[in-house]
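The values are calculated or read from the model by the stated rules, or taken from the named source; none is laboratory data. Keep in mind that this is a model prediction, so the values were computed, not measured. Because the Cβ atoms are built from the backbone with ideal geometry, glycine has one as well, and the counts that use them run over all protein chains shown. Areas reflect the complete protein model, heavy atoms only, side chains present, ligands, DNA and RNA absent. Shrake-Rupley method; radii C 1.70, N 1.55, O 1.52, S 1.80 Å.
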Amino acid sequence: MDVIAGSASGLLGARLAVELNSKVVPVEIRRFPDGEAYVRVSEDLAGREVAVLQTTWPDPHLVEAVLLRDAVLSQRPRRAVLVVPYFAYARQDQRFKAGEALSSQAVGRAIAEGWDDFITVDVHEPAVLPQISPRARNISALPEIGRYLAGKRIDLVVSPDEGSQERVRPVAEAMGAAFDHLVKTRVDGERVEIAPKRLDARGKRVAIIDDIISTGGTIAAASKALKDAGAASVLAACTHGLFAGGAMKKLTAVVDELVSTDTVESAASRVSAAPAIARAL
Ligand code: R5P
């Protein structure tokens with residue numbers, strides 16, 4: 001299966017091709033002076049099997065995913081799989097107020113139709129996937145994060161809230177580390193409170209694991225709570241490191257190490273999601 005990567009997922013696409021022992025199909029992607037995107041797949045795909053990778057964040061990459069869909073599927077490949085390493089807009093899974101857009105479905109449907117399979121990685125709410133496509137499935141890069149952390153002599157793994165504990169606990173178990181969760185309340189878009197909680201963190205090397213780091217508010221508050229509880233060191237790891245605004249700078253000042261995967265490329269992308277995606281394909 002050959003790999004086609006949009007401009008949000010070039011590095012991950014190259015790593016996936018190595019994992020699959022296949023090749024990256026060249027794609028021409030450029031912008032017109034007014035900012036609109038141009039996409040052209042430079043090889044004939046008829047009868048071939050391809051995996052098309054594109055993270056849909058920020059918005060220009062979402063438009064590219066829509067154009068890649070047309071460029072690839074119009075050539076009638078034998079099998080075509082869409083891989084969205086970071087599926088943006090998946091956090092809104094309900095209409096909380098009348099008249100609100102249901103972004104997970106609206107965006108999902110704009111990109112998902114027509115593929116033989118649709119794979120995404122650590123989507124915030126897996127329950128949105130069947131509403132988008134019966135072929136949509138979620139895989140996890142947390143085992144790859146766990147493998148990276150295994151060399152770090154971590155004593156305690158925590159999730160920032162109770163809701164994410166079932167996602168994070170298996171990583172702690174695989175590492176042979178203790179597990180606990182924090183109690184998080186969101187104050188607004190950037191501010192988060194982590195409630196005081198009896199936590200056995202004194203003198204321990206702690207890893208906080210979350211699916212997404214956006215503004216960094218969650219990790220900053222969690223790191224403070226852990227250091228107040230006596231943690232010797234705090235490492236923060238996530239699958240999708242968006243680091244909006246000045247989050248990267250803010251977090252490097254309060255955690256001892258910051259780790260994300262390459263579903264969104266950044267200076268913190270120390271772990272690759274490619275092996276997890278290769279297994280799923
Ligand atoms: C929310 O439920 C997610 O799991 C993350 O905790 C959240 O998206 C992180 O956002 P921020 O970095 O802005 O606190």
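Worth pointing out:
- Residue ID - farthest from D211 (Cα to Cα), chosen from residues in the stretch 125-154 that are surrounded by fewer than 23 Cβ atoms within 10 Å (Cβ to Cβ) and within 16 Å of the ligand (Cβ to nearest atom): A127
- Per this entry, A276 is not counted among residues that are touching a strand residue (DSSP E or B) at 6+ places or on another chain (Cβ under 7 Å) and assigned to a strand (DSSP E or B).
- Taking every residue in the stretch 41-55 that is part of a loop (DSSP other than H, G, I, E, B) and pairing it with any residue that is among the acidic types (D, E) and open to solvent by 50 Å² or more (accessible area, probe 1.4 Å), at least 6 positions away or on another chain, the pairs with Cβ-Cβ distances below 7 Å are S42/E28.
- Residues (within 16 Å of the ligand (Cβ to nearest atom) and surrounded by 16 or more Cβ atoms within 10 Å (Cβ to Cβ)) located in the stretch 155-179: V157, V158, S159, P160, D161, S164, Q165, R167, V168, R169, V171
- In the stretch 84-136, the residues that are closer than 22 Å to E166 by Cα and more than 17 Å from the chain's Cα centre (by Cα): Q94, P130
- Every residue from the stretch 245-264 that is in contact with a strand residue (DSSP E or B) (Cβ under 9 Å, 6 or more places away or on another chain) and open to solvent by 40 Å² or more (accessible area, probe 1.4 Å): M248, T252, V254, D256
- Residue match in the stretch 135-143 (condition: modelled with pLDDT of 90 or more and farther than 30 Å from A71 by Cα): yes
- Checked against the criterion of being open to solvent by 40 Å² or more (accessible area, probe 1.4 Å) and within 27 Å of E144 (Cβ to Cβ), the stretch 38-56 has at least one qualifying residue.
- Every residue from the stretch 5-19 that is under 17 Å from A276 (Cα atoms) and either in contact with a Leu (Cβ under 7 Å, 6 or more places away or on another chain) or of a type in the set (D, E, K, R) (or both): A5, S9, L12, G13, R15, L16, E19
- Pairs with Cβ under 6 Å, 6+ apart, first in the stretch 1-21 and touching a residue at least 24 places away in the same chain (Cβ under 8 Å), second surrounded by fewer than 17 Cβ atoms within 10 Å (Cβ to Cβ) and of a type in the set (D, E, K, R): M1/E49; D2/K23
- Count of residues meeting criterion [open to solvent by less than 70 Å² (accessible area, probe 1.4 Å), more than 10 Å from the ligand (Cβ to nearest atom) and within 27 Å of E144 (Cβ to Cβ)] in the stretch 182-207: 7
- V157 passes every criterion in (1) in contact (Cβ under 8 Å) with a residue 60 or more places away in the chain; (2) at negative phi apart from (1).
- Candidate set from the stretch 213-243 (those that are buried (at least 22 other Cβ atoms within 10 Å of the Cβ) and assigned to a strand (DSSP E or B)); member that is nearest to the ligand (Cβ to nearest atom): I213
- Any chance R15 is within 29 Å of I212 (Cα to Cα) and buried (at least 17 other Cβ atoms within 10 Å of the Cβ): yes
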